[in-house]
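A short write-up of the structure that comes next.
The values are calculated or read from the model by the stated rules, or taken from the named source; none is laboratory data. Values in this document were obtained by computation on a predicted structure and should not be read as measured data. Cβ placement follows ideal geometry from the backbone for every residue including glycine, while neighbour counts extend to all protein chains displayed. Protein only, heavy atoms only, side chains kept; ligands, DNA and RNA dropped before computing areas. Shrake-Rupley method; radii C 1.70, N 1.55, O 1.52, S 1.80 Å.
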Amino acid sequence: MDESRRDRDEEGRARNARPRDGLGRPLPYGTPGVERQPEGVVRSPGETVHEAQRLLDAGMPFHAHEVFEDAWKSGPDEERELWRGLAQMAVGLTHAARGNAAGGARLLRRGAAAVEGFRTADPHGIGVDGLIGWARELAGRVDPSGSGGAEAAGPQEAAPVVDAATEAPWLRQGDRPGE
């Protein structure tokens with residue numbers, strides 16, 4: 001690949017063709033990477049939750065975010081905030097696993113706020129209340145100041161890097177043993 005030219009997809013749109021690692025970070029051309037999620041796939045809500053959970057459990061929250069993004073873009077208007085919030089939580093976990101504490105915490109909190117309106121409904125069996133608690137707890141652990149990186153003064157501690165697979169949330173209530 002000539003790195004001086006922009007990568008393009010079949011329709012001629014700009015699309016980075018560099019391989020990616022499990023957390024979605026670009027790798028050098030020619031390096032083996034993780035297969036990307038296809039874009040624009042229309043799935044049922046159940047298929048979306050199942051595929052996203054599989055990817056989260058595999059430590060691939062960036063890829064899970066792409067699944068949620070497809071649902072956000074193709075689903076009914078009344079569920080857009082649900083899928084958008086879940087996508088933000090997955091990206092927040094991605095950033096936390098990459099060591100970006102401020103960005104991870106900010107996205108985890110933003111995702112939790114986005115799904116607040118679904119708290120009592122548990123749409124498609126998604127345990128919204130539990131996800132909100134998970135996102136806020138993880139945000140507090142990776143960025144205990146709660147500032148989202150707003151403070152500029154003083155030495156910063158190294159961001160705690162989390163293991164994406166270990167920290168993966170359970171999307172549906174009752175899916176895990178003991179629930």
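Charge dipole of the range 55-136 (Cα centre as origin; +1 on each Lys and Arg Cβ, -1 on each Asp and Glu Cβ, all else neutral): 460 debye, rounded to the nearest 20.
Look at the alpha carbon pairs under 8 Å that are at least 6 residues apart: their mean separation over the length of the range 39-102 gives a relative contact order of 30 percent.
Heavy-atom accessible area, probed at 1.4 angstrom with all protein chains present, ranks 65, 124 as 124, 65, highest first. For the range 29-81, applying the loop criterion from DSSP together with a ceiling of 12 other beta carbons within 10 Å to the GluC sites (Glu not before Pro) yields 35, 39.
The loop-placed trypsin sites (Lys or Arg not before Pro) in the range 36-139, going by DSSP, that have at most 16 neighbouring Cβ atoms within 10 Å of their Cβ come out as 36, 43, 119.
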